Amino acid sequence: MAWEYSDNEYIKLFRKLINWEWYSDVNTTRLFVHCLLKANWKAGDWKGIHYEKGQFITSLESLSKETGLSVREVRTALKHLISTREVTSKKLQKGRIITINNWCEYQTSDKVTDKQATRKRQGSDKQVTTDIRSKEHIRSKEENIESSTPTKTLEQIKAEDTEGMSVDELLKSLEGKADA
């Protein structure tokens, strides 16, 4: 099963992997990282087989081709991952479904939907921009406050007859734009 991934999809890979008991076993580490990359980030169905997030449907032969390991090396690495409960594997009529145990711990999803992720990124991008230009931002806010300060004093407004004026007329009067 060949998947099409976009250039902006990624997985989280924690540095604590370096301290993992299988890290020095190249085949097991390679297979585990490959499993993380292949696992689905949301539930779905494929050819009548339901899968959850953190699972993917494959075969030993496919894993062998995809990782460059022999089928025997894949089988051994998979046994290692199963023995330490990193993954579970369930045989199907054709192939198997592999589950990354504790998927949410490895890949907590900040992105529920693409739109929400984009909004979060845009929000954080704007925040960074504001922080970088903080002095400039403060000055512009001060200028906005000064320019929006009413030009009439409270005494001038009290002296006017405001009875019967609409809200818009009152606002214009506060700005000194009303025709008196």
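Taken together, the values in this text are just the output of simple stated rules run on the coordinates, not laboratory data. If you're wondering where the values come from, they're calculated on a predicted model, not measured in any experiment. Here the Cβ positions follow ideal geometry from the backbone for every residue, glycine too, while neighbour counts run over all protein chains shown.
Restricting the search to the stretch 66-84, which residues are free of Cβ contacts under 8 Å to residues at least 12 places away in the same chain and among the charged types (D, E, K, R)?
R72, K79, listed by residue number.
For L36, only one of the following conditions fails: (1) free of Cβ contacts under 8 Å to residues at least 60 places away in the same chain; (2) touching a Lys or Arg at 6+ places or on another chain (Cβ under 9 Å); (3) within 20 Å of C104 (Cα to Cα). What is its number?
(1) is the only condition that L36 fails.
Out of all the residues in the stretch 49-65, which are among the small types (G, A, S) and without any contact (Cβ under 8 Å) to a residue 40 or more places away in the chain?
Hits for the stretch 49-65 are S59, S64.
All but one of (1) among the hydroxyl-bearing types (S, T, Y); (2) without any contact (Cβ under 8 Å) to a residue 40 or more places away in the chain; (3) more than 14 Å from Q107 (Cβ to Cβ) hold for Y10, so report the exception by its number.
(3)
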